[in-house]
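Notes for the one structure printed next.
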Amino acid sequence: MNTQRIEMLKKLVLEDPADPFYPYALALEYLHTQRAEALSILLDVMNKHSEYLPSYYQAGLLSIELGKLEEGEKILEKGIALAQKQNDRKALNELRSLLDNI
């Protein structure tokens with residue numbers, strides 16, 4: 001875990017709360033060491049920035065890895081619907097593949 005990067009991202013989140021990338025990047029920093037915190041941040045990104053597609057894959061995968069299978073499936077299904085709406089074929093394929101492999 002890169003403590004400097006985490007502190008920088010926390011500062012950026014506070015400075016620009018309208019940008020979903022900063023909390024998303026912060027969650028990615030926490031993925032391997034503070035998984036519950038990472039999931040909490042990703043769910044918050046989804047709630048505040050529902051159109052930010054990358055958060056759905058990570059939140060769905062992490063939910064599944066943490067044993068929250070039903071929650072993970074619901075997140076992935078929402079992400080699939082959003083990817084279709086945004087016409088993002090790459091994200092759509094990634095989300096479907098993850099859902100199919102559960």
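The values are calculated or read from the model by the stated rules, or taken from the named source; none is laboratory data. Just so we're clear, the structure is a prediction, and the values are computed from it rather than from any experiment. Virtual Cβ from ideal backbone geometry, glycine too; neighbours counted across all protein chains shown.
Listing for the model above:
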| item | result |
| --- | --- |
| Neighbours by Cβ (under 7 Å, 6+ apart or cross-chain): first from the stretch 17-44, within 15 Å of Y56 (Cβ to Cβ); second charged (D, E, K, R) and modelled with pLDDT of 95 or more | P23/D44 |
| Filter pass, A25 being assigned to a helix (DSSP H, G or I), modelled with pLDDT of 95 or more, of a type in the set (G, A, S) and surrounded by fewer than 16 Cβ atoms within 10 Å (Cβ to Cβ) | no |
| Selection status of S55, at pLDDT 95 or above and within 9 Å of the chain's Cα centre (by Cα) | yes |
| Residue that is surrounded by the fewest Cβ atoms within 10 Å (Cβ to Cβ), among those in the stretch 39-79 that are part of a helix (DSSP H, G or I) and of a type in the set (S, T, Y) | S40 |
